[in-house]
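Novice: Structure in structure tokens, see below.
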Amino acid sequence: MKFLIGTRIWASLASIFLILLILGGVSYQNTGRLTETAQRVTHTHVVIADLEDLLSTLQDAETGQRGYLITGEERYLDPYQDALRTLDSRIAKLRELTADNAAQQQRLAALGPLVTAKLAELKDSIDLRRSKGFDAARKFVATDRGKQQMDDIRKVLDDMKAEEQGLLKRRDEQAKASSHSLFLVLIGGTLLAAALVAIAGLLLTRSLFRMIGKLGQEMRESADVLAASASEIVATTTQVAAGATETASAVSETTATVEEVKQAAAVSSQKARYVSESAQKVAQVSQAGRKSVDGAIQGMSRIQEQMEAIAESIVRLSEQSQTIGEIIASVNDLTEQSNLLAVNAAIEAAKAGEQGKGFAVVAQEVKSLAAQSKQATAQVRTILGDIQKATGAAVLATEQGSKAVEAGVRQSTEAGESIRQLAESIVEAAQAATQIAASSQQQMVGMDQVALAMDSIKQASLQNVGSTKQAEVAAHNLSASGQRLISVLEQYRI
């Protein structure tokens, strides 16, 4: 029951923690998106402000140019000079701010030549005012070239502002969507967590009531058992009081018996010491036997390796004899061809008459050599046949020897394993004998203590008679307490 309640509590806490963890993760993601959107909104406002500053700077340059054209005084050109110093840096800053927007980069690429042309137009009008006077400059301005350039610049800047305003609107919508999503997640998660807490509380309350009811039932059953046990204890203590007297007389007899057991334990201790020494010697002998068997196993393994090497050599010899047989067959064929060649040569020599006599002698010698080669080949084939038969017999014998060695290795290994197990058993027996000897010595000491204890038991048995009487009274009191406990539990039944 405790395990069940604990499991439910931990399951409820784990569910609530999981919901809170999910809420935290979602909140973190939405907050991150809100922060990123806010940064992008700020970035958009900065771009818009820089666009307005760029237009204002151009307008200030144009204002300075007009003031100089009207008055001819150099101090009116200060806004124009400031524009010349700052326009390039402002355009570069806009390129950096809109580096992630290809459309804005294209507009800035188109804006650069327009600004350059506008500044050139302003410079030309100023130069005309200085060199040719007001009328020439006025006529230049009246061509509306500067106005058209300024209108083109405003159009590009307006397009860029419109692009940034659209981005600002979309980012504002994203921020609102993220905020709404965060609000819904927080509300839904909070309600779900509250519902889980309520359900967990209800389940735990029901479990506690069930546990309390079951505990009360168990306590009532225990009280009944206690009352019954108290009655049995009363009867038992009465019997114990009667048996205590018999125990006192039995203790005296037991004391004499303990003395006899003490003498027998002394004899057993001497025998156990002798067995322990013998077991130690047998263990040493078994260890030596185990080492000898291990050496035999290693020797058999080496013999097996040598037999395998011999078998491989004989197999290679058999293969070479086969090769020799093939060579002999080739020599035999060569002999037959030489003999045929000698016959043909003799026929040709007979046709040649006197001139072919020398050739006939050579043919005869070739024929003789072919006959000798054939005879030698036959002898070699006979000898090779004997060698092959001997090789086959050696291969068969080697295989049988390898099998016998393998069986010997296996039997040696089995014998070694048996001896190893025997050695381990002997060592364990030696250890057991040593422990028995030590135990026998301890028994001798224990018997002395038992003899002393029996005297104390004799005195204690006399005291048990009085204690048993007191236990009988206590048992009656315990029985009465059990009855009262049952009455109390009946009043608080659940």
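The values are calculated or read from the model by the stated rules, or taken from the named source; none is laboratory data. Just so we're clear, the structure is a prediction, and the values are computed from it rather than from any experiment. We place every Cβ from the backbone using ideal geometry, glycine too, and count neighbours over all the protein chains shown.
Novice: Anything in region 356-386 that is of a type in the set (Gly, Ala, Ser) and more than 14 Å from LEU341 (Cβ to Cβ)? List them, or say none.
Specialist: GLY356, GLY358, ALA376, ALA378, GLY385
Novice: I need every pair where a residue in region 99-124 that is in contact (Cβ under 8 Å) with a residue 40 or more places away in the chain and surrounded by fewer than 18 Cβ atoms within 10 Å (Cβ to Cβ) has its Cβ under 9 Å from the Cβ of a residue that is of a type in the set (Ser, Thr, Tyr) and not in a loop (DSSP other than H, G, I, E, B), sequence separation at least 6 or different chains.
Specialist: No pair meets every condition.
Residue by residue, here is whether (1) touching a His at 6+ places or on another chain (Cβ under 8 Å); (2) modelled with pLDDT of 70 or more; (3) more than 14 Å from LEU369 (Cβ to Cβ) holds:
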residue	(1), (2), (3)
SER301	no, yes, yes
MET307	no, yes, yes
ILE310	no, no, yes
LEU317	no, yes, yes
GLN320	no, yes, yes
ILE324	no, yes, yes
ALA329	no, yes, yes
GLN337	no, yes, no
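Novice: What about VAL465, is it part of a helix (DSSP H, G or I), within 27 Å of GLU232 (Cα to Cα), β-branched (Val, Ile, Thr) and at pLDDT below 80?
Specialist: yes
Novice: Those residues that are among the charged types (D, E, K, R) and free of Cβ contacts under 8 Å to residues at least 12 places away in the same chain, I need them from region 9-51; list them, please.
Specialist: GLU36
Novice: What are the residues in region 126-148 that are closer than 17 Å to LEU58 by Cα and at pLDDT 90 or above, if any?
Specialist: If the condition is that a residue be closer than 17 Å to LEU58 by Cα and at pLDDT 90 or above, then ILE126, GLN148 are the ones that fit.
Novice: So PRO79 clears everything in (1) loosely packed, with under 14 Cβ neighbours inside 10 Å; (2) free of Cβ contacts under 8 Å to residues at least 40 places away in the same chain; (3) not hydrophobic (A, V, I, L, M, F, W, C) except one condition, right? Which one?
Specialist: Checking PRO79 against (1) loosely packed, with under 14 Cβ neighbours inside 10 Å; (2) free of Cβ contacts under 8 Å to residues at least 40 places away in the same chain; (3) not hydrophobic (A, V, I, L, M, F, W, C), the one that fails is (1).
Novice: Just to confirm my filter: which helices (runs of 4 or more DSSP H) fall fully inside region 42-158 and include at least 2 residues that are under 30 Å from ARG170 (Cβ atoms)?
Specialist: Counting at least 2 such residues, we get 78-97, 102-132.
Novice: Still on this model: What number goes with the only condition from (1) hydrophobic (A, V, I, L, M, F, W, C); (2) surrounded by fewer than 16 Cβ atoms within 10 Å (Cβ to Cβ); (3) closer than 22 Å to THR391 by Cβ that LEU334 does not pass?
Specialist: Of (1) hydrophobic (A, V, I, L, M, F, W, C); (2) surrounded by fewer than 16 Cβ atoms within 10 Å (Cβ to Cβ); (3) closer than 22 Å to THR391 by Cβ, only one is false for LEU334: (3).
Novice: Return the residues of region 110-138 that are more than 23 Å from VAL156 (Cα to Cα) and small (Gly, Ala, Ser); say none if nothing qualifies.
Specialist: SER125, SER131, GLY133, ALA136, ALA137
Novice: Related question: Restricting attention to region 161-180, does a residue exist that is under 22 Å from THR63 (Cβ atoms), within 60 Å of the chain's Cα centre (by Cα) and in a helix (DSSP H, G or I)?
Specialist: There is at least one residue in region 161-180 that is under 22 Å from THR63 (Cβ atoms), within 60 Å of the chain's Cα centre (by Cα) and in a helix (DSSP H, G or I).
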